[in-house]
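Worksheet: the structure to be examined is printed underneath.
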Amino acid sequence: VTVRNLASKGSSRRPAGAEPAPAALPGPAIEALERWFLAHARDLPWRRLRSGYAALVSETMLQQTQVQRVVGAYLAFMERFPTVDALAGAPEQEVLAAWQGLGYYRRARHLHAAAKAIVRDHGGRVPEGAEVLRTLPGVGPYTAGAVSSIVHGHREPIVDGNVHRVLSRLAGCTASATSAEGRLWAWDQAGKVAQGADRPGVANEGMMELGATVCTPASPRCGECPVATWCRARALGTPEAFPAPKPRVERRTVHWHALVAVHEGRVLLEQRGDRGLWARLWQPPTVEGDQRAPREELEQAWGIAVRECAAFDHITSHRTVRFLVCAPAGSEMPRGRDGRWVPLAQVGDYPLANAAWRVLQAGETGVTPPPSASGPRRAPRAARSAATDS
Ligand code: SF4
C-alpha cells in the first residue's frame, strides 16, 4: 500500500458521545507547532548537519531504539562510515560490529544494502523523492517521508508512534496504531499536515518532537503544549485514553544454554547461522531448546563436563530467552568445531547481540560491552516500526 493510497482512505473511530473530531490540524495549529519546534527542538547530532545520508542513518537507528541510546552510536557510526561510499564499501561484519548495542540487526543489514544500492544506482547520492527512496532496501514510508521532508522540504507525510499519538489526541481518535484502520487514519491526517504546512519538514519534525517530549504516552504536559487549544483529547479531559492501547504481545519462552569457555586469555565464540534471531552475529557456544536441558545432555553436546554459573532472562520483542550460563568444570576445553578462540581484548571487534554480552559477563570473563549496549531500550509500544527481534 503506497503512502498516497493510505492518505486517500482515511477513517476514524471516535469515543461514544464525543463531538465529531476535526479532520486535520487547522492551519493556525500547524503554524504554532512549527514555531514551537524551531524554538524548542532538542540539539541532536543529526539536526546539526542536514544531509540525506545523515538522515537515513539516524532515522534507521531511531526505529525501535531510544534517542539517548542512538546519539552515541550515531556519532561513532558516522565517524567510522562518514559517507555512503564508506558504508557501501565496508565488510558486513564491520557494519554489524558498529551497530552493537542498538539491536535489531536487520536494520543494519538493510542500511548497508541501501548504501550499496545508492552507490550502484544513484551515483552515491541519497535520492530526494520519497517514491525513489522507497525502492531502497529497508526504506519504508516513514523513513522515506522523513528524509524527503526533513532534509529536502518535500510535502511528504510521516507517521511513527509519536506522531500517531499526537494526531490521535488532537483529533480525539481512538483507533490503535496497530490496526489497519488506525494506520490509514493517521497517514491521512499526516498527509493533510504536510499539505497544509509552510515548511512540511518542520511540521513533521514538530509532531515527532511534541510526541517525544510533551505529548508522552503517560502524563502528557498539556500545559506546555503549543497546540493545546486545538486538542480534542484535552478538551475531553482524558488525553491518555487516546489512542486505544495496543493488544498485549504474547511472548514465547525458549531455553538457551551457553558455554563460556576461557583458555589462556581467549574465549570460544561461534557465529550464528544466516537466518533467524541474531543471524550471523557471534556468541559463546549455545544449545537452544524449548525446555531446560539436563546437564548430561549439555555435556554430551559440548564434549566436556560443565558447571552451572548463572541464569537470566533476556526479553526480546517476541520472546523471552531463558539463559543458563555454564563453564567448563575442569581444565578440559571444548574443541569448538566451528568456533574461534578470540582474545578477550578483541571481543569488541566482533558483532555480538546484547544477550551474548550478558552471557560473557555472567560467565565472569571480565569483558566490557560497548557503551551503547548498556543503556535503556525503547519500549516496544513506542517503536516507530516493526523491524525484527532485538
Ligand atoms: S494538549 Fe496534551 S494531549 Fe493534546 S496534543 Fe498537547 S500534550 Fe498532547
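The values are calculated or read from the model by the stated rules, or taken from the named source; none is laboratory data. This structure is a prediction, so every number in the text was calculated from the model and none was measured. Note that we place each Cβ from the backbone using ideal geometry, even for glycine, and neighbour counts take in every protein chain shown.
Of the residues in segment 186-195, at least one is surrounded by 23 or more Cβ atoms within 10 Å (Cβ to Cβ), among the β-branched types (Val, Ile, Thr) and within 16 Å of the ligand (Cβ to nearest atom). In the condition set (1) in a helix (DSSP H, G or I); (2) away from the ligand (no atom under 16 Å from the Cβ), VAL254 is compliant with all but (1).
Exactly one residue out of SER168, SER149, SER179 is more than 16 Å from the ligand (Cβ to nearest atom), under 25 Å from SER219 (Cα atoms) and of a type in the set (S, T, N, Q), and it is SER179. Residues in segment 152-165 that are assigned to a helix (DSSP H, G or I) and either closer than 11 Å to GLY211 by Cα or within 12 Å of the ligand (Cβ to nearest atom) (or both) were compared, and the one that is nearest to the chain's Cα centre (by Cα) is GLY161. Being more than 27 Å from the chain's Cα centre (by Cα), within 16 Å of the ligand (Cβ to nearest atom) and of a type outside the set (Ser, Thr, Tyr) holds for only one residue in GLY237, GLY330, GLY303, GLY265, and it is GLY237. Under the condition of being in a helix (DSSP H, G or I), near the ligand (Cβ under 8 Å from one of its atoms) and over 13 Å from HIS40 (Cβ atoms), the residues counted in segment 212-229 number 2. Just one of the numbered conditions (1) away from the ligand (no atom under 16 Å from the Cβ); (2) at pLDDT 95 or above; (3) under 28 Å from HIS164 (Cα atoms); (4) among the β-branched types (Val, Ile, Thr) is not true of VAL249: (2). Here the condition is being modelled with pLDDT of 95 or more, within 26 Å of THR65 (Cα to Cα), touching an Asp or Glu at 6+ places or on another chain (Cβ under 6 Å) and of a type outside the set (Lys, Arg); of ALA175, ALA212, ALA203, ALA190, it holds for ALA203 alone. One residue stands out among those in segment 48-69 that are modelled with pLDDT under 95 and of a type outside the set (D, E, K, R): the one that is farthest from ASN354 (Cα to Cα), which is LEU49.
If only one of GLY124, GLY129, GLY138 is closer than 20 Å to GLU92 by Cα and either basic (Lys, Arg) or without any contact (Cβ under 8 Å) to a residue 60 or more places away in the chain (or both), which one is it?
Only one candidate passes the filter, namely GLY124.
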